[in-house]
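Below is one structure, written out as structure tokens; the observations come after it.
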Amino acid sequence: MKRTMLFIAAAATSASACAGLAAAEPSSGETWSGDGRVEFRECPKCDKRIRIDLGANKAYVNLSRLEGAGREQMAARAARLLDAAKIPPAADVKIRPLMGWSSWNTFGVDISEELILETARAMATNGLKDAGYTYVNIDDGFFWGHGEDGILRFHPKRFPNGMKPVVDGIHALGLKAGIYSDAGADTCGSMWGGSGKDGKDTGGIGGGLYGHDAADCKLHFNDLGFDFIKVDYCGGKRLKLDEKTRYTEIADAIKATGRTDVRLNLCRWAFPGTWAADIAESWRTTGDIRANWTSVKKLIAENLYLSAYAKPGHYNDMDMLEAGQYSGSMKTVFGGHGDTGLSETEETTHFGMWCMMSSPLLIGCDVRTMPATTKALVTNPYLLAVNQNDLGCQAYVAQRDGETYVLVKDADTRFGASRYVALYNASDEAREIEVRSDALDLGGTVDAFDLVEMADVGCFTGHVFVKLAPHASKFYRFDASRRIERKVYEAECAYLADYQELRDALKAGTAFPDRREDASGGMIVRNLGNRATNDLAWREVKIDAEGEYVLSIDCCSPDEREFFLTIDEGEPRRLAVKGGERISTVEEAVRLSPGMHTVRLANASASMPDIDKLTIRRE
Ligand code: GLA
């Protein structure tokens, strides 16, 4: 078998061969200017390699093995790559994942007017604002309870002038201002602390929204002019409030201010339910991030199978970034308590995966002193374009082998031949990943552009092997000859209408993805059925040509069970599976028209089998 590897120096290749490329820098030599943006250089030591120089906005293209039409092609590719780094202005500010900074990870409750305004000034001048980091979010620590008049008061030492000069100062820099509260009466900081010095933050007692929705929303959004609010749940939990009811009340209070541009983040530390997308722009899916690899790995794992719930303007929030917190030189609120820091490799995995998974990007380090390497990473326009686009897709797991994963999402257009791909090694060992283009729905030759290196790194057909160090990831833009029809749809990537992580799913009777080593992708969906909404749906089954197809559903059930297959609004078709330990396949022949379909599996009145995957075969 021919082994194609990226990043490994290839032996002599012909101009048309598609193989690995040398990682040499372009050397100086003949220079020829194309359209004024793209510069072409001879590079005898490296093959068709393109390196983008962002400072000068140039693309360096190696032409040593190219002639005639090859040059033209390469010019077009370089121009396309440069375009991929341009993030067009959003039609609506609420469509894309939020980008900015939040005070919590580094400063905890030890915040002040001075700190917030210094941070905003740093962001406005050090390139972060230009890269799109526009929200300056004040987290816990500013409270001083509510007064007898019911008006929220601000911490007299930390914000002696109130919040008006802070919000105005942020706005004057062309940035947006974010604030924080709790769905209940007391804030997290008042219950758990959040400072190296002060212990519990008593100012947060009675500082939450509970009983003050209308007045606090008027104060924040009409009087002070905040543009964002994160609503935490420590106080809500203490009062045993119902999440959906309570957060809907808060969303309604925001609406009642008349402001339509305010963005709401729910912070309930687990996927709350599909209702969250009806009321909020983002919702925290995990507990608090810490500046160490174990935490980053855990948060990624907890978000791997949530892609179905993200859509334009509504995103899973993986928590604020710990980029910039390097081992040995950290400054975090929980410094002495397990924040051991990240290596540069881990930081790249952390930021790149947050981009791939369309999480809000809230920098959590001290931006006044952030390391140059961190700034370069978090302002990398190729990575930001992965996160900041109007498609609103979160990457899903296309391949898994033990602790290595391949994730993919569309670039530029839905169902186009260009896709963003992450190779992620969660393990503590070096690993080699075999990437299969068909698993990514890509056909023909695939050109690979490394988004972190900002370099064209080669091309392959069929499959390619990539080596990854422990905890390392590679992030690419793959430009293929064509997009091919998808054959396999994994259950763990499907939309489960009743999915939630707030209550024990077995007790609540809600379906959930679970590990099963002999299942495709190592995952299966359990606990389906018994209610019409406790179903599983693949909502984007795209068919290219009209025809007869066979839908095969791999499933497993301890006893004989039935379920119903529905395509779009069609008649339900009854399917049954015999009981047994092993995963078995049930098939149904269907006629499908070209276009997008929803394939739904449900049983409103009885338990369903566990579902592994759907395979679509043309007859
Ligand atoms: C909770 C949240 C954190 C932070 C703190 C503030 O722990 O999850 O993100 O806001 O509260 O007290």
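The values are calculated or read from the model by the stated rules, or taken from the named source; none is laboratory data. The model shown is predicted, which means the values in this text are computed figures rather than measured ones. Note that each Cβ is placed from the backbone with ideal geometry, even for glycine, and that neighbours are counted across all protein chains shown.
One residue stands out in the stretch 318-348 among those that are among the charged types (D, E, K, R) and more than 15 Å from the ligand (Cβ to nearest atom): the one that is surrounded by the fewest Cβ atoms within 10 Å (Cβ to Cβ), namely GLU344. Out of all the residues in the stretch 151-160, is one or more assigned by TED's automatic domain parsing to the domain that holds VAL231, surrounded by fewer than 19 Cβ atoms within 10 Å (Cβ to Cβ), closer than 17 Å to LEU98 by Cα and away from the ligand (no atom under 11 Å from the Cβ)? Checked the stretch 151-160: no residue is assigned by TED's automatic domain parsing to the domain that holds VAL231, surrounded by fewer than 19 Cβ atoms within 10 Å (Cβ to Cβ), closer than 17 Å to LEU98 by Cα and away from the ligand (no atom under 11 Å from the Cβ).
You will find that of TYR315, TYR247, TYR305, the residue that is away from the ligand (no atom under 14 Å from the Cβ), closer than 23 Å to MET191 by Cβ and not charged (D, E, K, R) is TYR247 and no other. All conditions in (1) within 11 Å of the ligand (Cβ to nearest atom); (2) crowded, with 17+ Cβ neighbours inside 10 Å hold for ILE205, with the sole exception of (1).
Suppose we keep only residues that are among the basic types (Lys, Arg) and within 15 Å of the ligand (Cβ to nearest atom) within the stretch 226-244. Which one would you say is surrounded by the most Cβ atoms within 10 Å (Cβ to Cβ)? Give the derivation first.
Initial filter on the stretch 226-244 (among the basic types (Lys, Arg)): 230, 237-238, 240, 244.
Next cut, within 15 Å of the ligand (Cβ to nearest atom) only: 230, 237-238.
Numbers: LYS230: 27, LYS237: 17, ARG238: 15.
Across the stretch 226-244, the extreme among qualifying residues is LYS230.
Being within 23 Å of PRO272 (Cβ to Cβ), more than 12 Å from the ligand (Cβ to nearest atom), in the same structural domain as TRP283 (by TED's automatic domain parsing) and acidic (Asp, Glu) holds for only one residue in ASP182, ASP216, and it is ASP216. Do the conditions hold for ASP223, that is, is it crowded, with 21+ Cβ neighbours inside 10 Å, away from the ligand (no atom under 16 Å from the Cβ) and more than 18 Å from TRP104 (Cα to Cα)? Judged against the criteria, ASP223 is not a match.
Take the residues of the stretch 95-108 that are under 16 Å from the mean Cα position of the chain (by Cα) and not in a strand (DSSP E or B): which is farthest from the ligand (Cβ to nearest atom)? Lay out the reasoning, then the answer.
First, the residues of the stretch 95-108 that are under 16 Å from the mean Cα position of the chain (by Cα): 95-100.
Those left that are additionally not in a strand (DSSP E or B): 95-98.
On the way: ILE95: 24, ARG96: 21, PRO97: 16, LEU98: 14 Å.
The selected residue is ILE95.
Would you pick out the residues in the stretch 557-598 that are among the β-branched types (Val, Ile, Thr) and without any contact (Cβ under 8 Å) to a residue 60 or more places away in the chain? Within the stretch 557-598, THR566, ILE567, VAL577, THR585, VAL586, VAL590 meet the criteria.
Among the residues of the stretch 547-568, are any within 26 Å of the chain's Cα centre (by Cα), in the same structural domain as GLY579 (by TED's automatic domain parsing), surrounded by fewer than 19 Cβ atoms within 10 Å (Cβ to Cβ) and modelled with pLDDT of 95 or more? The answer is no, given that none of the residues of the stretch 547-568 is within 26 Å of the chain's Cα centre (by Cα), in the same structural domain as GLY579 (by TED's automatic domain parsing), surrounded by fewer than 19 Cβ atoms within 10 Å (Cβ to Cβ) and modelled with pLDDT of 95 or more. Number of residues in the stretch 109-121 that are within 16 Å of the ligand (Cβ to nearest atom), crowded, with 24+ Cβ neighbours inside 10 Å and not in a loop (DSSP other than H, G, I, E, B) equals 1.
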